[in-house]
Amino acid sequence: MIGLLVLWPAGTFDFWQIYAYFGFILIPMVAGGIYFYINDPAVLERRLKTNEKEDTQKLVMVFMGLAVVASYMIPGFDKRFGWSDIPVWLVLLADAVVVVGYLVMLYVMKVNSFAARTIEVEQNQRVIDTGPYALVRHPMYTGAVVMYLATPVALGSWWAFLAVAIVPFCLVARILNEEQVLNQELDGYTEYTQRTRWRLIPGIW
């Protein structure tokens, strides 16, 4: 699906950046899927849920979804009209950064089986304060930011940053609302926020 979002506006299959992008990310994606299918299928089920209960989250996800779609389509148009000229070495470096961001997300899923896609507190859920959660309160989003910010360069487009720039603002809104829910419904979360100061990026926010 993502490949079509890029290739359709490009008007050509001669787009090596998109093949490199998926070539880099496919291995950890498949390996991670197999690992969690065997060792923790519940976290995969939680990641497949998309029905948000909070109105704020529904609105945020609409804007984020549009931004993500645009961030994959713009490189296609960029390829067609030749707007950007990004060297091969920088594209490949960005691919590596995308993989790092994805690995961070997989690590978060390993540490926290309750790392759901939707904002809700389940029965028997507890606060996780080890591993990446000792550094920031929302490491899943940290990994996502790394991925999204590297994606435009990985797909050979400077102009795609116009769409990707919206994503961090969406995540900030999502995090603020999520923490309201967690402070109210998850035992020990308020104390956790006092121990772990940073939400998304250590030393910044």
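The values are calculated or read from the model by the stated rules, or taken from the named source; none is laboratory data. As the structure is a prediction and not an experimental result, all values here were calculated from the model. Counting neighbours? That spans all protein chains shown, and the Cβs are built from the backbone with ideal geometry, glycine included.
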Practice prompt. Take region 1-19 and flag every residue that is in contact with a Lys or Arg (Cβ under 7 Å, 6 or more places away or on another chain) and assigned to a helix (DSSP H, G or I).
Written response: Pro9, Ala10
Worksheet item: Which numbered condition trips up Gly101, out of (1) in a helix (DSSP H, G or I); (2) in contact (Cβ under 8 Å) with a residue 60 or more places away in the chain?
Response: (2)
Practice prompt. Would you mind finding the one in Val127, Val136, Val146 that is touching a helix residue (DSSP H, G or I) at 6+ places or on another chain (Cβ under 6 Å) and in a helix (DSSP H, G or I)?
Written response: Val146
Worksheet item: Does at least one position in region 81-95 carry a residue that is under 17 Å from Ala160 (Cα atoms), modelled with pLDDT under 95 and part of a helix (DSSP H, G or I)?
Response: yes
Practice prompt. Could you tell me whether Val104 is modelled with pLDDT of 95 or more, surrounded by 21 or more Cβ atoms within 10 Å (Cβ to Cβ) and touching a Ser or Thr at 6+ places or on another chain (Cβ under 8 Å)?
Written response: no
Worksheet item: Do we find that Thr142 is more than 30 Å from Ala10 (Cβ to Cβ), under 13 Å from the mean Cα position of the chain (by Cα), at pLDDT 95 or above and surrounded by 15 or more Cβ atoms within 10 Å (Cβ to Cβ) in this structure?
Response: yes
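Keeping to region 22-45, report how many residues are under 22 Å from Ala94 (Cα atoms) and touching a Gly at 6+ places or on another chain (Cβ under 9 Å).
Kept after step one, since they are under 22 Å from Ala94 (Cα atoms), are these residues of region 22-45: 22-32.
In the following step, the residues that additionally are touching a Gly at 6+ places or on another chain (Cβ under 9 Å) were identified as 22.
Adding up the residues that qualify gives 1.
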Item to complete: Working carefully through the options Met29, Met61, find the one that is of a type outside the set (Asp, Glu), under 18 Å from Leu171 (Cα atoms) and part of a helix (DSSP H, G or I).
Response: Met61
